[in-house]
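The values are calculated or read from the model by the stated rules, or taken from the named source; none is laboratory data. Because the structure is predicted, anything quoted here is derived from the model rather than measured. Cβ atoms come from the backbone with ideal geometry, glycine included; neighbour counts cover every protein chain shown.
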């Protein structure tokens, strides 16, 4: 699993990357009440909005950590947005992307680097 400074995580399985938000991000958001996942087929660049999460505190964009094409979304989050709070780094993934440039993965943080980054916040 790799991480961004915007608190997204990405997990690789061949040329497919699963994307979600970290436990830290879910905690900062508070109770999630709405999730909008992207359309299958959407092509995104790293840093572009991929999904939207609304909580009792705020609405937040979820950004694509890498370039890719959406090949699957987690439609169940629409009916069960609380999953983002309950299991943010596993069951509450937002989308699966076909990776456009595998080299981009190297620029993301591993768990230790992400934990060290959190200590600076």
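Okay, here's what the table says:
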read-out	value
Lone unmet requirement of (1) assigned to a loop (DSSP other than H, G, I, E, B); (2) under 17 Å from residue 4 (Cβ atoms); (3) in contact (Cβ under 8 Å) with a residue 24 or more places away in the chain for residue 47	(3)
Residue 116 under 14 Å from the mean Cα position of the chain (by Cα) and within 22 Å of residue 47 (Cα to Cα)	no
Residue that is farthest from residue 110 (Cα to Cα), among those in the stretch 12-30 that are in contact (Cβ under 8 Å) with a residue 24 or more places away in the chain and assigned to a strand (DSSP E or B)	16
Checking residue 108 against (1) touching a residue at least 12 places away in the same chain (Cβ under 8 Å); (2) within 17 Å of residue 38 (Cα to Cα), the condition it does not meet	(2)
Any hit, the stretch 31-41, residues being assigned to a loop (DSSP other than H, G, I, E, B), surrounded by 14 or more Cβ atoms within 10 Å (Cβ to Cβ) and more than 14 Å from the chain's Cα centre (by Cα)	no
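Listed here are the residues, each with its yes/no results for (1) modelled with pLDDT of 95 or more; (2) out of contact with any strand residue (DSSP E or B) (no Cβ under 8 Å at 6 or more places or on another chain); (3) closer than 20 Å to residue 90 by Cα.
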site	(1), (2), (3)
5	yes, no, yes
10	yes, no, yes
23	yes, yes, yes
42	yes, no, no
48	yes, no, no
51	yes, no, yes
54	yes, no, yes
58	no, yes, no
